[in-house]
Structure formats: C-alpha cells, structure tokens
1. How big is the accessible area of D140 in square angstrom, nearest 10, if you roll a 1.4 angstrom probe over the protein chains?
2. Just how large is the dipole of the chain about the Cα centre, in debye to the nearest 20, putting +1 at every Lys and Arg Cβ and -1 at every Asp and Glu Cβ?
3. Hey, if we sort S66, S228 by accessible area with the 1.4 Å probe, largest down, what's the order?
4. For A305 and D131 in one chain, what is 0.36 nm times their gap in residues minus the Cα-Cα distance, to one decimal in nm?
5. Projecting each Cα onto the charge dipole of region 100-164 (Lys/Arg +1, Asp/Glu -1 at the beta carbon, about the Cα centre), which of G153, S143, Y110 comes out farthest on the positive side?
6. Give a residue-ordered list of calculated ³J(HN,Hα) values for region 65-81 (Karplus: 6.51 cos²θ - 1.76 cosθ + 1.60, θ = phi - 60°; whole Hz; x for Gly, Pro).
7. Could you give the distance between the Cα centres of region 80-114 and region 266-309, to the whole Å?
8. Under 25 Å Cα-Cα from K127, which lysines qualify once same-chain neighbours fewer than 8 residues away are excluded?
Amino acid sequence: MSIFSHPDFDGHEAVHAFCDTESGLRAFIAVHNTNRGPASGGTRFWTYASDGDALADVLRLSRAMSYKNAMAQLDIGGGKAVILRPEGAFDRNALFAAYGRSVETIGGTYITAEDVGVSPADMAVIKTQTDNVAGLSEGDNASGDPSPVTAEGVFRGIRVAAERAYGSPDLNGRRVAIQGLGSVGYALAEHLAHVGADLQVADIDTSRLARAEKELGATIVDTNDILSADVDILAPCALGGAINSDSLPAIRASIVAGAANNQLRTPDMAEALTARGILYAPDYVINAGGIINVAAEVAGRYDVAWVQTKLDQLEETLGEVFDRAASEGRTTASIANEMAQERMAVIRDWR
Ligand code: NAD
C-alpha cells in the first residue's frame, strides 16, 4: 500500500494512522489542506474490506472537505477521518475514547465532527479526550447534529437546480428519488414532502422505509432500482460512487443533486452526465450545510442567523456554478473545482 504515490494522495499535508490494541482502534486521519484554518471534517465509522480501502476513502473524503470548506468560504481547512469497524465484539466507548486521544495527539491541526456511523453519543466520548471536536449536542456553542442543516442546504440547492432546469424552483409535483434515508436523506425527504414533491425512496434499512411510506407518503423502491427510477430529480444520500459507468446509462432524472460525498465514482462521470443533458449539482457545494454548522461552533460563536446567511451563500454559489457551466460550455464539476481551488489558495494566519 503506497501513500505518496497513492492515486488519491493529491498533496495531502499529513496522513496519520492510529492503532490501539486494547480497544481495537484502527483509524486514519487525513489532513489535506490547512491554508484557511484547521482541517475540519467528520469521522466515518465503517466496515472496510481492507485498510487499503479505508485509506482510499479517507484520502478522497479529506480532499473533498478542502474543496467543500473553501467553496463555502469557511475559515477551516480540509480533513477527514475513518475508523475501521473492528471485527467481532468491541467496547464502543473505549474505542471512541482511544480515537479521541488520537485526535488530541495531532495538536489541533484536525477538528472532528460526525460522519456516517458516528452518533452524538460517540462525539461526547471523543470530547472526554480532546477539545478538537465539534458537532456536539451539549456545551458552550454546541451546534448539535449537522445533518438537518445539511439536508436544508441540499433542499435549497435542489430548488436552485430546478430553477435552472425547469424555469421554476417549485418542487410541488416534482418526482424525486432519494437513495439512502439516513440522517440527511430522511430530513431531506421531509422538506421535499412538505412542498408537495412526489417521493421514491430506497434504503438497505427497511425500518426507515416504512416510516417514510407512512409519514411522508413515499413510494418504496428496491435499492437496485432507485438510481434508474422514473423521476425528475435523483438525490444520492447514501455512500459515495452512486454515479458510475454502470448506473449512469440508466439514470432517467434530469437533475442529480444529493447529500452523499464523492457521488462521481470517477471524474469523467461529470462529462458523461453533461453529455446526457443531466444537470449535476457538485456534491461538495450542495452538501456544505453541515460543515457550515460545524464551522460556526469551531469559530466559538454558534449563531443561527450566521448559518442561515451561509446557506443563502451556498445557493448563490451553486447558481454561479450552474450559470458559468452553461455559459462556458463546461461541466459543473470543473467550474466548481476551479472556484474551490482559487478559494483554497487563500492563506489565513490562524496558527
Ligand atoms: P447515515 O449513515 O445516517 O445514512 C446513510 C443511509 O444510507 C443509511 O440509512 C443506510 O442504510 C443507507 N444506505 C447505505 N447503503 C445504501 C444503499 N446501497 N442503498 C440505499 N441506501 C443505502 O449518513 P448521513 O449522515 O445521512 O450521510 C449520508 C451521506 O451524506 C454520506 O455520503 C455522507 O458522507 C454525506 N454527508 C453527510 C453530512 C451530514 O451532515 N451528516 C454532511 C455532508 C455529507
């Protein structure tokens, strides 16, 4: 397994590997870029087939955080962590405490929050070992679970995309497929149902599906069919890589706009979507709501009004990406990358 020549290394400032034999902790923390501030991004707790898969995941996620945080013009850099779920029984509190000690050793160059598989209770355990943690439920400036704010940002972004694609942001009667009804996907479904969208949903967790059917009137779709559902808008809200050479030809939506990180399995999917006339909302632009919420906590001044202003800015930035892509005949991903790289080059004196 290589690091510096890894295809996803992309100039990372640091990649840390942590092991604690007593608790079973095995984790990577990747710090991609700290020009704008301490690297901030969530910790993912997931079962990986190999530590090579975990490393690839953390590198891709970490780089995406640099782009996301710069694009949202936040005073934080990009980083991410993954904890490899131990095989067999383990003591969850001991594991997350060991992880908290790991975060502490890197001296504030990385500030963690939640990602897939990590709960507010886990965050509280991490907090017992380090102050370099945000997205907490309690305490001074606690911003809480970022997922509802992510969902609000995605919902607002879908309206911007609909405005460009259909001439109106009104989602009443629009057919939307949601892949993944987790913390973000379910909250997004609630927003959409509230404005009269017609929902099709899929999740590997059937309990969430039953709830969406009962409470939101959603239609349940098999996980194998959700990406090809006959809808206007496809919202990937599960894990990365939903848009790939297998799924792309079958997509029937004219907009792809969802919460999942790294939705395009390979960069050439951006051209492939454009070639098919599908408007793609770059994932790290539309899903920045949660990190905006976290950044408010990191800044030590959690302020709901400031978060709302940043969500307004998210809409404006996404609109600019769509408009520039249309006028310059380029993909939305390439415009977003260019804008993010410009913003990432701004060095702030924060240490
Ligand atoms: P979550 O773990 O709460 O939800 C993920 C859901 O996807 C789960 O319900 C899971 O059962 C489902 N799922 C997994 N594989 C699936 C499949 N093949 N088909 C259908 N459903 C499947 O996670 P979350 O916090 O809601 O995050 C969802 C996505 O959004 C992730 O990619 C995450 O990185 C990204 N994201 C989350 C936030 C946030 O604030 N939580 C912020 C930005 C980006």
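The values are calculated or read from the model by the stated rules, or taken from the named source; none is laboratory data. It should be emphasised that the depicted structure is a prediction, and the values quoted were computed from it without experimental measurement. For neighbour counting, all protein chains shown are included, and Cβ atoms are generated from backbone atoms with ideal geometry for every residue, glycine included. All accessible areas refer to the heavy atoms of the entire protein, side chains included, with ligands and DNA or RNA removed. Shrake-Rupley method; radii C 1.70, N 1.55, O 1.52, S 1.80 Å.
1. Spelled out: D140, probe radius 1.4 Å, area about 150 Å².
2. The calculated dipole for the chain is roughly 260 debye.
3. S228, S66
4. Extra length from A305 to D131 when fully extended: 60.2 nm.
5. Of G153, S143, Y110, it is G153.
6. Those phi angles translate into 5, 4, 5, 5, 5, 5, 4, 7, 6, 9, 8, 9, x, x, x, 7, 9 Hz.
7. A separation of 25 Å, based on Cα centres.
8. K127 reaches K68, K80.
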